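In what follows, a single structure is set out as structure tokens and then discussed.
The values are calculated or read from the model by the stated rules, or taken from the named source; none is laboratory data. What you see is a predicted model; the values in this text were computed from it and never measured. Glycine also receives a Cβ, built like all others from the backbone with ideal geometry; neighbour counts cover every protein chain displayed.
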Amino acid sequence: YALDPDADSAAKYARKSGTALGEYVKFLENAVKADRRNMQLAGHSMGGQVVSFAGKELTNPKISTIFGLDTAEGNFNCSDPTDCLNPTDADLVVEIHTMVSRTDKGHIDFWPLHPNVNPFNFIGEHLKGADYWVESIASDCTFEAYSCPDEDSFMNGKCSTTCTKDNCNHMGLK
């Protein structure tokens with residue numbers, strides 16, 4: 001992390017970096033016959049927007065999966081699908097929200113920390129999205145996530161904690 005990041009400049013470069021990443025995927029397809037339908041992209045914070053812009057470059061066919069790991073929002077208009085990670089960027093878009101990502105962005109959105117977010121540990125909480133994703137790869141632990149219609153239902157204990165095919169997903173790569 002930079003001590004004094006210039007978020008405006010970083011946001012401008014996120015689009016350029018994502019476009020370059022999309023071009024690199026196309027290069028891999030031509031050079032080594034890689035297939036974007038079998039590729040997954042992941043990005044933390046501003047990197048979540050970088051991979052979203054790469055996905056916007058790769059439309060026919062789309063990238064298989066994009067993982068947004070507490071994707072940055074502040075310098076992006078997330079009500080505009082061309083300016084923010086959203087479900088149209090890949091066949092499957094998954095977002096893990098921990099601190100800065102406040103709006104649903106994916107086909108599947110996980111909110112693992114709520115309601116225990118510590119606002120005084122911004123960087124630590126923000127990094128947890130990436131930590132959860134890495135842990136889902138590195139360990140045998142599965143992070144079960146239950147469907148809940150809204151925050152009020154969650155806070156009032158009205159969400160099912162029984163994992164069934166219809167109301168449960170596993171957070172992360174596995």
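Restricting attention to segment 107-119, does a residue exist that is crowded, with 20+ Cβ neighbours inside 10 Å and at pLDDT 95 or above? Looking through segment 107-119, none of the residues is crowded, with 20+ Cβ neighbours inside 10 Å and at pLDDT 95 or above.
Restricting attention to segment 79-93, the residues that are within 16 Å of ARG37 (Cα to Cα) and either of a type outside the set (Asp, Glu) or at pLDDT below 95 (or both) add up to 5. Residues in segment 134-151 that are of a type in the set (Asp, Glu) and assigned to a helix (DSSP H, G or I): 2 in all. Do we find a residue being within 13 Å of THR71 (Cα to Cα) and in contact with an Asp or Glu (Cβ under 7 Å, 6 or more places away or on another chain) anywhere in segment 133-151? Looking through segment 133-151, none of the residues is within 13 Å of THR71 (Cα to Cα) and in contact with an Asp or Glu (Cβ under 7 Å, 6 or more places away or on another chain). Scanning segment 62-77 for residues that are in contact with a helix residue (DSSP H, G or I) (Cβ under 7 Å, 6 or more places away or on another chain), surrounded by fewer than 24 Cβ atoms within 10 Å (Cβ to Cβ) and modelled with pLDDT under 95 turns up GLY74, ASN75, PHE76.
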